[in-house]
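Pasting a structure here, questions to come.
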Ligand code: ACO
C-alpha cells in the first residue's frame, strides 16, 4: 500500500472532527465533498452559507449536507468563544469587543473551535498565507506541554529506495521558525520524532545536520547543532538522535563509516533536522525538484492540537490528503 493510501486507511479507522475555515474556496469545498464520501473525517465548514450553497450547486456536491456549516456572521457558540478568548488573551489586550471582531475572521474562528474542543483539528491555507493561518493558532491553541515551538515537517518520498526508510524520510523544520536556537532546535528534533512515528509510521533515526561531522569544523553554527543534539538526547533518551553530521555522513553508509564510526544514526538516518528554516526550506524543495521526490506537508508539529497549512497552489487531492494526515495526528494525540 502506498503512503497516501495507508494514511487514508488509518484515518478511516477512527475519523476525527476537522474544521475547514475556507469553506467558500472552490477546491476546499470539492475536497470536503470527497472527504465525507471517503469517510475520512467529520467536517465543520466555515463560510457564508449562501456562497457555500452556490458552490455546492455549481459543482453538484452531494455530501456537503452531511457537514456542519458555520457562518461567521451567525456563530452558535459565540458567547462561549468570546469568554474563552478573553480568558486566554485578556492580558494581551483581547476585550470582548476585540474577540467578537476576531471571530468574524474564519481563521480565528477555526482556531478557537479547536481550542474549545469543538473540533479535533483544522486544515486551511488554500486561500491564505502560512503566517495568516498560523498566527491565530499560535495565539490561542498554543503548543504541547514541554514544547514551546511549532515547526513544519515534510514527509519526503524518493524513488531511490536506498535512502531513509525504503525511500521515505522526514525533513524539519522546513516551514515555520526562521532561526531556532539550540533549545528550539532540540524541540524540533523531538517533535519530528513524533511525526515520524504518527504519520510516516517508522521508528526515527534522527540526524542533526550541519556542515561539520563530529568536530570536523569549528564554528558557532556547528556549536549550536552540537548543543541541540545534547539537549534533544536528554529530552528523548529512548529516541536515536545523533549529530552533528553532514548530510553525506547521515545518509551514506561508506561515508558514515569514515566520518562517524559507531554512530547508530549515521549512514542510515531517516529523519533529517536542519539547522535553520533557510536550509530546511531550500533542501526540501531541491530534493523535490531535482530528485523528483514526493513532498507531503508541511505537517505542523508541536501545536497543542493538529492544525495544518496548505500551499495556495494546492490541488483537491492535496487538501484531501492533508485532512487525512490531520486526522492521524489527532488520533495519535
Ligand atoms: N512556535 C510557537 N509559538 C510561536 C512561534 C512558533 N514557531 N512563532 C510565534 N509564536 C507565538 C509568539 O510567541 C506569539 O505568542 P503571544 O502573542 O502569545 O506572545 C504569537 O505566536 C505571535 O507571535 P509573532 O512573533 O507576533 O508572530 P508572527 O505573526 O510575527 O510570526 C509566523 C509567526 C507567522 C509563524 C512567522 O514566524 C513566519 O511567518 N514564519 C515563516 C513562515 C513561512 O513563510 N514559511 C515558509 C513558507 S511555507 C513553505 O514553503 C512550505
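Read-outs throughout are calculated quantities, based only on the coordinates presented, and are distinct from any laboratory measurement. All figures in this text were calculated on a predicted structure; none of them were measured in a lab. A quick note on method: Cβ atoms are made from the backbone with ideal geometry, for glycine too, and the neighbour counts reach across all protein chains shown.
In Å and on Cα atoms, what radius of gyration and Dmax does the stretch 151-296 show?
Considering the stretch 151-296 through its Cα atoms, Rg and Dmax are 13.5, 36 Å.
With axes computed from alpha carbons, what is the tilt in degrees of helix 78-89 against the longest principal axis of the chain, rounded to the nearest 10 within 0 to 90?
Taking Cα atoms only, the helix is inclined about 40 degrees.
Something else: Report the antiparallel proportion of the DSSP beta bridges in the chain as a percent, rounded to a multiple of 5.
Details: 14 of 38 bridges.
Close to 35 percent.
Another question, if that's okay. If you average the C-alpha positions of the stretch 21-80 and of the stretch 254-333 separately, how far apart do those two centres end up, in angstrom?
With the stretch 21-80 and the stretch 254-333 each reduced to a Cα centre, they are spaced 29 Å.
Quick one: check the C-alpha center-to-center distance for the stretch 185-247 versus the stretch 89-110, whole angstrom.
38 Å
Oh, and also: Take every DSSP beta bridge with both residues inside the stretch 1-156 and express the antiparallel ones as a percent of the total, to the nearest 5.
On the way: 1 of 11 bridges.
Roughly 10 percent of the DSSP beta bridges within the stretch 1-156 come out antiparallel.
Restricting to DSSP H runs of at least four residues, report the calculated mean residue ellipticity at 222 nm for the chain, -39500 (n - 2.57) per run over all residues, nearest 500 deg cm²/dmol. Write down the numbers at each step before the final one.
Working: 13 runs with 145 residues, N = 333.
Calculated at 222 nm, the ellipticity per residue is -13000 deg cm²/dmol.
Tally the DSSP beta bridges in the stretch 151-296 and give the antiparallel ones as a percent, rounded to 5.
Bridges in the stretch 151-296 are about 45 percent antiparallel.
Any idea what the alpha-carbon Rg over 2.2 N^0.38 Å comes to for the chain? Intermediate results must be reported in sequence, preceding the final value.
On the way: Rg = 20.7 Å, N = 333, 2.2 N^0.38 = 20.0 Å.
This ratio for the chain stands at 1.03.
Taking neighbour Cβ counts within 10 Å as the exposure measure, how do 235, 1 sort from fewest upward?
1, 235
Calculated FRET efficiency, residue 183 and residue 116, Cβ-Cβ r, R0 25 Å, to nearest 0.05?
On the way: r = 30 Å, r/R0 = 1.22.
Here the calculated transfer efficiency is 0.25.
Using Cα pairs under 8 angstrom and six or more residues apart, how large is the relative contact order of the stretch 151-296, in percent? Kindly include the intermediate steps, with their values, before the conclusion.
On the way: 315 pairs, mean separation 49.5, N = 146.
That works out to 34 percent.
A follow-up question, please. Relative to the longest principal Cα axis of the chain, at what angle does helix 106-116 sit, 0 to 90 degrees, rounded to 10?
Taking the Cα atoms of the chain, the angle to 106-116 is about 80 degrees.
Using 0.36 nm times the number of residues separating residue 37 and residue 159, minus their current alpha carbon distance, what extension gain do you get?
On the way: separation 122, 0.36 × 122 = 43.92 nm, distance 3.08 nm.
Extra length available between residue 37 and residue 159 comes to 40.8 nm.
Within a 10 angstrom radius of the beta carbon, how do 19, 150, 279 rank from fewest other beta carbons to most?
Details: 19 29, 150 25, 279 18.
Neighbour counts put them in this order, fewest first: 279, 150, 19.
How do 294, 220, 278 line up, fewest other C-beta atoms within 10 Å first? Display every interim value, and only then the final one.
Details: 294 16, 220 6, 278 11.
The order, fewest Cβ neighbours first, is 220, 278, 294.
Between residue 51 and residue 129, what is the spin-label point distance in nm, taking each point 7 Å from the Cα along the Cα→C-beta axis?
2.0 nm
Can I ask one more? Using Cα atoms only, what is the angle between the long axis of helix 182-195 and the major principal axis of the chain, expressed in degrees (0 to 90) to the nearest 10?
70 degrees
Grab the beta carbon distance between residue 290 and residue 77, set R0 = 35 Å, and tell me the FRET efficiency rounded to 0.05. It would help to have the intermediate numbers written out before the result.
Details: r = 48 Å, r/R0 = 1.38.
Step by step, r from the Cβ atoms, then E = 0.10.
Ok, one more. Among 181, 166, 308, determine the one that fluctuates most according to a GNM of the chain built with springs between C-alpha atoms less than 10 Å apart.
166
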